[in-house]
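Undergrad: Just dropping this structure here.
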Amino acid sequence: MNMTSVNVTAANFVAAQFNSVDKVFESRGQRFEVLRGFDLTVREGEFLAVVGPSGSGKSTLLNLLSGLDDASAGTVVCNGRIVDGINTHVGYITQQDNLLPWLTVQQNISISLEIRGVAPAERADRVAAMIAKVGLKGFEHHHPSKLSGGMRKRAMLARTLVYDPQIILMDEPFGPLDAQLKVVLQAELLKLWSATGKTVVFVTHDIVEAITLADRVVVLSHRPSRIKLEEHITIGRPREVHDVRFTPGFEEHYRRLWAAIEIHGAGGTHQ
Ligand code: ADP
Ligand code: MG
């Protein structure tokens, strides 16, 4: 099914919403305005990708939605409630690798359930099932330092998915991985997403990745950020991750998104 064709207007189909959000960081007497009057609606069950130049506020958006940070003005709403403190409806896979180095893969995943008061027997079952799902069977007792980059990403994904959050926030999760591994993990993510119907907000600086995965891509401008372009991806599902770039429509999406992303500076890189 092509999720983009779903016409959503009713309030109960909204997973999250930024309403006229300002975000200003103050540091050593300097005001650093990241978001100004920012509006964005995330629909229930959609796969939304957020792209934009470095420093445009992508991580800030996820921090606000997860409640790790608060807005300077305006409101962030999630599942009908204003986010005020840690938002338990979301699972957040942050840009930094934050597996606990002294715990094994199994323990790192289990701790998510422990914190939420899940009984030990149920915990063991759910952790084992999730380890199998993300392809980490056989590595349960390894410590993070003994894992490859891709395996650590799988462990981070498992640690978030295991407690079954309604909304999954991912901040450039596959950024540092090599191209082949990226494709494998993207495919697995799409499989997990389509099997669960979760809402995903996926930050990336990779336009191909955004088109490959998302129902909708929003492009942020330089800060203070606003949405410069909203692109509905019309490529049908299920998608073959390695093949999406050769399908009709891809090139047009790519051209429009590429034109919208402002890349400043001689280096020409935006992340
Ligand atoms: P992106 O993820 O798009 O690269 P961020 O959301 O991390 O951008 O940051 C947006 C801007 O806000 C950046 O210029 C960054 O330096 C600044 N910023 C982020 N967090 C803080 C903070 N805690 N204090 C001061 N400035 C910050
Ligand atoms: Mg970031």
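The values are calculated or read from the model by the stated rules, or taken from the named source; none is laboratory data. What you are looking at is a predicted structure, and each value in this text was computed from that prediction instead of being measured. Positions of Cβ are backbone-derived with ideal geometry, glycine not excepted, and every protein chain shown enters the neighbour counts. Only protein heavy atoms, including side chains, enter the accessible area calculation; ligands, DNA and RNA are left aside. Shrake-Rupley method; radii C 1.70, N 1.55, O 1.52, S 1.80 Å.
Undergrad: Find the residue count for the stretch 53-91, including only residues that are assigned to a loop (DSSP other than H, G, I, E, B) and either over 20 Å from residue 165 (Cα atoms) or not charged (D, E, K, R) (or both).
TA: Of the residues in that region, 18 qualify.
Undergrad: Could you look through the stretch 233-261, keep only residues that are among the small types (Gly, Ala, Ser) and part of a helix (DSSP H, G or I), and pick out the one that is surrounded by the most Cβ atoms within 10 Å (Cβ to Cβ)? Spell out the reasoning first.
TA: Here is the first cut: in the stretch 233-261, the residues among the small types (Gly, Ala, Ser) are 236, 249, 259-260.
Subsequent filtering for residues that are part of a helix (DSSP H, G or I) retains 259-260.
Details: 259: 11, 260: 20.
Applying the filter and picking the extreme gives 260.
Undergrad: Looking at the stretch 101-210, what helices (runs of 4 or more DSSP H) fall wholly within it and have at least 2 residues that are in contact with a Gly (Cβ under 8 Å, 6 or more places away or on another chain)? Break it down into steps so the answer makes sense when it comes.
TA: Numbers: elements: 105-115, 120-133, 149-161, 179-196.
Here the list reads 149-161, 179-196.
Undergrad: Taking the stretch 15-47 as the region of interest, how many residues are away from ligand 1 (no atom under 15 Å from the Cβ) and in a strand (DSSP E or B)? Walk me through how you get there before you give the answer.
TA: Keep residues of the stretch 15-47 that are away from ligand 1 (no atom under 15 Å from the Cβ), which gives 15-17, 19-20, 37, 39, 41-47.
If we keep only those that are in a strand (DSSP E or B) as well, we get 15-17, 19-20, 37, 39, 41-43, 47.
Counting residues in the stretch 15-47 that are away from ligand 1 (no atom under 15 Å from the Cβ) and in a strand (DSSP E or B) gives 11.
Undergrad: Let me ask something else. Give the residues of the stretch 185-216 that are free of Cβ contacts under 8 Å to residues at least 40 places away in the same chain and over 26 Å from residue 68 (Cα atoms), sorted by residue number.
TA: 185, 191, 195, 212, listed by residue number.
Here is a yes/no grid of residues against (1) open to solvent by 40 Å² or more (accessible area, probe 1.4 Å); (2) at pLDDT 95 or above:
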{"residue": "41", "(1), (2)": "yes, yes"}
{"residue": "44", "(1), (2)": "yes, yes"}
{"residue": "49", "(1), (2)": "no, yes"}
{"residue": "58", "(1), (2)": "no, yes"}
{"residue": "63", "(1), (2)": "yes, yes"}
{"residue": "72", "(1), (2)": "yes, yes"}
{"residue": "77", "(1), (2)": "no, yes"}
{"residue": "80", "(1), (2)": "yes, no"}
{"residue": "87", "(1), (2)": "no, no"}
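Undergrad: Scan the stretch 181-200 and tell me whether some residue there is open to solvent by less than 30 Å² (accessible area, probe 1.4 Å), within 16 Å of ligand 2 (Cβ to nearest atom) and at pLDDT 90 or above.
TA: no
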